[in-house]
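Asks: I am attaching a structure below and will ask some questions about it afterwards.
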Amino acid sequence: MTHIRDQLNREIHLDKKPKRIISLVPSLTELLVDLGLEDRIVGVTRFCVHPIHLRKKANIVGGTKQVRNKKIQNLQPDLIFANKEENQPEDIEELEKICPVHVSDVQTIEGCYKLIEQYGNLTDTAKEAKIINDQLKNAQADFTNFIKDKSQLKVAYLIWKDPWMAVGGDSFIHEMLKINHYDNVFKHQKRYPEIKLADLEDADHVFLSTEPYPFKEENTEELPVDPAKVKIVDGEYFSWYGSRLIQAFSYFKKLRNQLY
């Protein structure tokens, strides 16, 4: 029997190795596949786009905010992976009546390492989890050496428009900005605050994320700042914790080298 506490300190008990897994978190669906669990995944959300072929094999059980509980029940899962921010508390409460639900809550890189370890312990892939964590630690160490002498740049990271919203100081994206030596303009605000475009004028750079709002180059013209200061950035690399972070550090290097 496996006993662990998830990242909300909730007890998770498994009597046997899970063979029917459902993931309600796109970034963590990718992690499960990289742990070698693709054949055990029976359900994913419509936002689980990596690897793209998985949605043709697994059942779509709704979106992250609109989970189809009845469909999940019919799939007879023995383990469900959810996330505090992406999934609704009431859905998690209902799903716990079906089978154990692990809830992640990652705001730091250390939390990411711990999450990968927990996934490995829960799914009997501890060896694979250690390999991923070792690769991630090596990538982070290499990037830390790269960035150590780089100056701090004041950055505003926008995730939505109508209303315009940015990243505050208590999120995983903020942690990624810090690691990159980006000083978050909105670090003193909570979560994802609505902002005034005038607040962007002090930023060295404004990042427009590709998710959750799919910003495009034409959106740069809507901002009251020099277009040269505005950069479309890959939101997956800044917000997806899990195995994608291994690739993220290479992306961060390229991005930093493009900035003045």
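Asks: Looking only at segment 1-89, where both bridge partners belong to it, what percent of the DSSP beta bridges are antiparallel (to the nearest 5)?
Replies: 40 percent
Asks: Here's another thing I want to ask about it. Given the options V49, V185, V106, state which has the largest fluctuation in a GNM of the chain using a 10 Å cut-off (strictly under) for Cα springs.
Replies: Looking only at V49, V185, V106, the biggest GNM fluctuation is shown by V49.
Asks: Cβ under 11 Å from T220's Cβ, T220 left aside: what net charge do those residues give with Lys, Arg +1 and Asp, Glu -1?
Replies: -2
Asks: Can you find, among L200, N9, F186, the residue farthest towards the positive end of the dipole of the chain? Put +1 on the C-beta of Lys and Arg, -1 on that of Asp and Glu.
Replies: The listed residue farthest towards the positive side: N9.
Asks: At a 10 angstrom cut-off on C-beta neighbours, averaged per residue, how do the peptides 92-99, 218-225 rank from highest to lowest?
Replies: Details: 92-99: 15.6, 218-225: 13.2.
Descending mean neighbour count gives 92-99, 218-225.
Asks: With springs only between Cα atoms under 10 Å, which of L14, L208, L54 fluctuates most in a Gaussian network model of the chain?
Replies: It is L14.
Asks: Using helices alone, what [θ] at 222 nm do you get for the chain, with -39,500 (n - 2.57) per DSSP H run of 4 or more residues, divided over all residues and rounded to the nearest 500?
Replies: Result for the chain, helices only: -10500 deg cm²/dmol.
Asks: Over segment 150-258, what is the relative contact order in whole percent, taking alpha-carbon pairs under 8 Å and six or more residues apart?
Replies: With pairs under 8 Å counted, the relative contact order is 26 percent.
Asks: Tally Lys/Arg at +1 and Asp/Glu at -1 over every other residue whose Cβ is under 11 Å from the Cβ of K84; what's the total?
Replies: -3
Asks: Cα to Cα, under 25 Å, and not fewer than 8 places away if on the same chain: which lysines meet these conditions relative to K154?
Replies: List returned: K178, K187, K190, K196, K216, K229, K231, K253, K254.
Asks: In whole Å, how far is the Cα centre of segment 4-31 from that of segment 181-221?
Replies: Between the Cα centre of segment 4-31 and that of segment 181-221, the gap is 33 Å.
Asks: Can you give the Rg to Rh ratio of segment 150-258, both from alpha-carbon atoms, with Rh computed by the Kirkwood formula?
Replies: 0.92
Asks: Something else now. For segment 231-260, list residues with backbone N below 16 Å from a point placed 7 Å from the Cα of A141 toward its Cβ?
Replies: Answer for segment 231-260: 246.
Asks: For E222 paired with D170, estimate the spin-label separation in nm (one decimal), with each label point 7 Å from Cα along the Cα-to-Cβ line.
Replies: 2.8 nm
Asks: A further question follows. Relative contact order, percent, of the chain when contacts are C-alpha pairs under 8 Å separated by at least 6 residues?
Replies: About 16 percent, as a whole number.
Asks: Please work out how much length the chain gains when fully extended from N257 to E117, using 0.36 nm per residue of separation minus the C-alpha to C-alpha distance, in nm with one decimal.
Replies: Gain on stretching N257 to E117: 47.2 nm.
Asks: Ok, one more. Check every DSSP H run in the chain and write down those whose alpha carbon atoms cover 30 angstrom or more along the long axis and whose mean Kyte-Doolittle hydropathy is -1.0 or greater.
Replies: In the chain, the long hydrophobic H runs are 126-147.
Asks: If you take every DSSP beta bridge fully contained in the chain, what fraction is antiparallel? Give it as a percent rounded to 5. Could the numbers behind the result be given before it?
Replies: Details: 8 of 30 bridges.
Taking every DSSP beta bridge within the chain, about 25 percent pair in antiparallel fashion.
Asks: Under 10 Å, Cα contacts only: if you run a Gaussian network model on the chain, which one of K17, K70, K187 comes out with the highest mean-square fluctuation?
Replies: Among K17, K70, K187, the largest mean-square fluctuation in the Gaussian network model of the chain belongs to K70.
Every read-out reported here was derived from the displayed coordinates using simple, explicitly stated rules and does not represent laboratory data. Quick caveat: nothing in here was measured; it's all calculated off a predicted structure. Cβ: placed from backbone, ideal geometry, glycine included. Neighbour counts: every protein chain shown.
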